[in-house]
Every structure is written in structure tokens, then in C-alpha cells.
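To start, the structure itself, in C-alpha cells.
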Amino acid sequence: MQFSYLTSALLLALPILVSAAPTTPAQDVALFAREGQTCNPPKPDKNDAAAVKKYDDLTAKMAAATKSAHEGSSKCPSSKVTDFNKSKDKKKRTEIKNTCVSGYQQCVKQRKAANTACTQLKGTVDQGHLTAVTVCQTQVDNWKARNP
């Protein structure tokens, strides 16, 4: 196969062009991916000690509630569904059902608490965080409807 001079020149220059292309730093990509998905409350006046304390307390409450919500939903991984469906032991199925209902109830309660803290901070609760409450509640309802 023969290449024209232009094709040969482009093939030789292509690696140089690609390596010289502008790129976005990884941290910018990570920030962009989370943009619009966080509370983003306004920062308090750093000279107002009471406002700073309230801000710090509510931010900590929101973070703790979010962590607890994740822990709750993690109590019922997809392997629990498989174990539930495969098991013939009613006691084991009841135990799995109770674990999953409890975990998802924790998820609902804690996500609502995090969203409330965000609102108290005068931040914006985005649609993704509102949907997360609904998803957890749907899981509670689904698990409650299962017969052991």
C-alpha cells in the first residue's frame, strides 16, 4: 500500500498534534462532574461567629446524614436479593427482609435530614438528592411487600 506525501505527513504529525491538544486538569473534570449536584449554601460572614458556628454545625449535620444514608442503603447489596430469592429458609428470608427494610428506612430518614440541613443553610437541594429519597422509599416499599 502506498501513501501520498500528504497522508504520510499527516500520519507522522498526528501524534504531535494529539499530544499538544489542550486538556482539562483532572481536578477540573471532577469539579465539573459534581457541579450543580451539591447544596452550595452561601458562606457566612467570617466576622459573625454565631453564623459561622451555625454554618459549620449544619454542614457537619448534612455530611453525617449523607454518610449514614449511604451506610443504610449499603446494608442491602444486590447479593441480598439473590440470597433472599434462592433461600428456602423462612427465618433467613425474614432476616434479610428486615435488614433491607431497616437499611432503606435509614436511607430515607437520613437523606431527608441532609436535605433539610441544606435548606436550613439556604442552599439548593438538587433533583438528584430529591430523587434519592424516592428511590430509597421505593426500596422500602418493595422489601416490605416481599413474603418471606
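The values are calculated or read from the model by the stated rules, or taken from the named source; none is laboratory data. Keep in mind the model is a prediction, meaning the values are calculated, not measured. Cβ placement follows ideal geometry from the backbone for every residue including glycine, while neighbour counts extend to all protein chains displayed. For accessibility, only protein heavy atoms count, side chains too; no ligands or nucleic acids. Shrake-Rupley method; radii C 1.70, N 1.55, O 1.52, S 1.80 Å.
Taken over the range 36-62, the criterion of being open to solvent by less than 80 Å² (accessible area, probe 1.4 Å), over 16 Å from residue 120 (Cα atoms) and over 26 Å from the mean Cα position of the chain (by Cα) is satisfied by 48, 49. Residue count for the range 110-128 satisfying the condition of being in contact (Cβ under 8 Å) with a residue 40 or more places away in the chain and in contact with a helix residue (DSSP H, G or I) (Cβ under 8 Å, 6 or more places away or on another chain): 10. Across the range 111-148, the qualifying residues are those that are polar (S, T, N, Q) and under 19 Å from residue 41 (Cβ atoms), and the one among them that is most open to solvent (accessible area, probe 1.4 Å) is 127.
Output the residue which, of all residues in the range 61-78 that are of a type in the set (A, V, I, L, M, F, W, C) and in contact with a helix residue (DSSP H, G or I) (Cβ under 7 Å, 6 or more places away or on another chain), is farthest from residue 99 (Cα to Cα).
Taking the candidates together, the pick is 62.
Please determine whether any residue of the range 65-73 is among the aliphatic types (A, V, I, L, M), within 15 Å of the chain's Cα centre (by Cα) and within 25 Å of residue 44 (Cα to Cα). Within the range 65-73 (the criterion being among the aliphatic types (A, V, I, L, M), within 15 Å of the chain's Cα centre (by Cα) and within 25 Å of residue 44 (Cα to Cα)), the answer is yes, since at least one residue qualifies. On the basis of being surrounded by 15 or more Cβ atoms within 10 Å (Cβ to Cβ), hydrophobic (A, V, I, L, M, F, W, C) and within 22 Å of residue 126 (Cβ to Cβ), does residue 101 make the cut? No: the conditions fail for residue 101.
Checked against (1) of a type in the set (S, T, N, Q); (2) at pLDDT 90 or above; (3) surrounded by 12 or more Cβ atoms within 10 Å (Cβ to Cβ), residue 74 meets all criteria but (3). Within the range 78-91, the only residue that satisfies the criterion of being in a helix (DSSP H, G or I), without any contact (Cβ under 8 Å) to a residue 12 or more places away in the chain and surrounded by 14 or more Cβ atoms within 10 Å (Cβ to Cβ) is 81.
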